[in-house]
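The values are calculated or read from the model by the stated rules, or taken from the named source; none is laboratory data. Since this is a predicted model, take the numbers as computed values, not measurements. These accessible areas exclude ligands, DNA and RNA; they are computed on the full protein's heavy atoms, side chains included. Shrake-Rupley method; radii C 1.70, N 1.55, O 1.52, S 1.80 Å.
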Amino acid sequence: MAEPKVKYDRQLRIWGDQGQAALEKSSICLLNCGPTGSETLKNLVLGGIGSITVVDGSKVELGDLGNNFMVDESSLGQSKAKCVCSFLQELNDAVKAKFVEEYPETLIETNPSFFSQFTLVVATQLVECSMIKLDQICREANVILIFARSYGLTGFVRISLKEHTVIESKPDHFLDDLRLNNPWPELKRLAEGFDLNVQDPVVHKHIPYVVILVKMADEWAKSHGGNLPSTREEKREFKELLKAGMVAQDEDNYKEAIDASFKVFAPRGISSELQQIINDSSAEVDSSSSDFWVLVAALKEFIANEGGGEAPLEGSIPDMTSSTEQYVNLQNIYQAKAEADFLVMERLVRSSLKKIGRDPNSIPRATIKSFCKNARKLKVCRYRPIEDEFNSPNLPELQKLLIDEDCSIAVGIYILVRAVDRFAANYNTFPGQFDSAMDEDIPRLKSTAIGLLSDLGCNGATLAEDLINEMCRFGAAELHAVAALVGGIASQEVIKLITRQFVPMSGTYIFNGIDHKSQLLSL
């Protein structure tokens, strides 16, 4: 067997040893192992999840051979959960795999405590009433829950848990933490040691752009009542001053300074999003608070006092035109400031833990250091209970989406997937499952959907006739191509939630295979 670092080399570059360790400690339960569930679990098994439990009470039938490559002719008549579990075990023998030959609906009704043993539950192909009950069970047990369903050429994925906090959100684009608009004393002193009017052209073209901007911003502030450029005209004028400082056309450091001048114009202090987090009621910590909120409480104190309105410095600088010596000196200044901020934060965290009666060393230094490095990028995700969304959606948003040309199909799919469950509850079959009843099922489904919209407060709202016809034509089929895509999305979200890296999606993800589109609905 390959060593884990070799086996998982590519993914370790994305979420690191800590993320991989979290995956390997996790325990996943899959409800229903049709193509959607099997595809979701396949991706997680290949990624090195700790253990899986497959729950499905059905037997392998002829129809399964056409949409689930984890079963074959030799599986006919056997337990589907057993066959899929066996196949998944072959993909990665480091994963512990077991199966429960039981219908998920039965477990939800008769043995709700069964789910409390898992880190996360992936519930596929459940109807609405079972979704609501399972959501209540998992929320009470603090178990993460992901719903995934494919229905013909459509599908959805929905996360449900009370709260999910992320330290390493890893945004694609984020402003460097260089503090050019609010330099600390040591950075100012370093900048003061440079002469922007130096005669030596080689020296002039190797002054780091950070130093150029700190010095120029300081000069601007002195002549503008302590204020930095804020209006369009002032920003243009500041850039012209930078251009005027160039003594040759090939001075890349000044070109970098001009390109990065917007960092000087950025507002000082923390973002409104971070302000919202530190003002959250959860930041008033007690002995039951999570480590994240203890860290946030310390951060709030840091920003108000030692930080002077700023979060701890990250401590890294980008590549730039500079001599090696000057770059290293600059890097050392940033790293020293980041270390000093970390030490203050560590003291505040230990003090906070002691105050609430917890072991002052219960949060590792590495966690505090990671928190400091990512303090500006923290995320808190909260999800509405499924029952609340189903019974009391955001009505203005729903009404707006129903008449929005770009969103009407996505919200139509959302409504119709719920309507087919009502249809099945009333007629003991899904619309279109029998060709002979198709002509009757279309008006029945339309009536059911309009009734659902009316119950939600959207009186008079209608859905596209073509979409209603298509939902009937699907006949509740699970198509492998759609299941693979929906399963891929679901497994991606599982990894985000377990590693606590990257930001999981909020709302309901809708896949529209008819038009090859997908959208996220927040209802």
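Some observations on this one:
- Accessible-area value, E39, 1.4 Å probe, nucleic acids and ligands omitted, Å²: 10
- Amide H contacts of F99: V54, each under 5 Å away and 5 or more positions distant or on a separate chain (H built 1.01 Å from N in the peptide plane; Pro and chain starts excluded).
- Accessible-area ranking of L353, L520, largest first, probe 1.4 Å: L520, L353
- The value obtained for segment 382-523, namely the Cα convex hull volume divided by the number of residues, is 125 Å³ per residue.
- 3J(HN,Hα) along segment 276-288: 5, 5, 6, 8, 4, 4, 5, 6, 8, 8, 9, 4, 8 Hz, from the Karplus curve 6.51 cos²θ - 1.76 cosθ + 1.60 with θ = phi - 60°, whole Hz, x for Gly and Pro.
- DSSP bridge pairs, the chain: antiparallel proportion in percent, nearest 5: 50
- Relative intensity of segment 250-381 on a log10 scale, I(q)/I(0) at q = 0.16 Å⁻¹, equals -0.85, per a Debye sum over C-alpha point scatterers of equal strength in the absence of solvent.
- Calculated log₁₀ intensity ratio I(q)/I(0) where the Debye formula runs over C-alpha points of segment 18-155, q = 0.09, 0.14 Å⁻¹: -0.25, -0.61
- Rounded to whole Hz, the Karplus (6.51, -1.76, 1.60) HN-Hα couplings of segment 37-50, x for glycine and proline: x, 5, 5, 4, 5, 4, 5, 6, 5, 5, x, x, 4, x
- The value for segment 221-305 of Rg(Cα) / (2.2 N^0.38 Å) is 1.69.
- Taking a straight Cα-Cα cut-off under 25 Å and skipping sequence neighbours fewer than 8 places away in the same chain, the lysines within cross-link reach of K243 are K188, K205, K215, K222, K235, K255, K263.
- The Rg/Rh ratio for the chain is 1.06, where Rg is the radius of gyration of the alpha carbons and Rh is the Kirkwood radius.
- Against the compact-protein benchmark of 2.2 N^0.38 Å, the Cα-based radius of gyration of segment 141-190 scales to 2.22.
- Each residue of segment 67-77 is assigned a 3J(HN,Hα), and the resulting list reads 9, 9, 6, 8, 10, 9, 4, 5, 8, 3, x Hz, derived from the Karplus form 6.51 cos²θ - 1.76 cosθ + 1.60 (θ = phi - 60°), x at Gly and Pro.
- Considered as an equivalent ellipsoid built on the Cα gyration tensor, segment 97-178 has semi-axes of 30, 17, 12 Å, the largest given first.
- A 1.4 Å probe run over the protein chains yields, for segment 277-391, 46 Å² of accessible area per residue, whole-number rounding.
- The helix-only estimate of mean residue ellipticity at 222 nm for the chain, built from DSSP H runs of length n ≥ 4 each weighted as -39500 (n - 2.57), is -15500 deg cm²/dmol after division by the residue total.
- Solvent-accessible surface ranking, highest first, for R384, R149, R232 at 1.4 angstrom: R232, R384, R149
- At 0.692 mPa s and 37 °C, Stokes D of segment 287-359 from Kirkwood alpha-carbon radius, µm² per second: 238
- Contact order, relative form, for segment 33-80: 42 percent (alpha carbon pairs under 8 Å, 6 or more residues apart, mean separation divided by residue count).
- Normalising the average separation of contacting C-alpha pairs (under 8 angstrom, six or more residues apart) by the number of residues puts the relative contact order of segment 279-407 at 25 percent.
- Accessible-area ranking of I207, I132, largest first, probe 1.4 Å: I132, I207
- Ignoring aspartates and glutamates fewer than eight residues from K59 along the same chain, the ones with Cα atoms less than 19 angstrom from its Cα are E39, D72, E73, E101, E102, E105, E478.
- Y151 sits with roughly 10 Å² accessible to a 1.4 Å probe, with DNA, RNA and ligands left out of the calculation.
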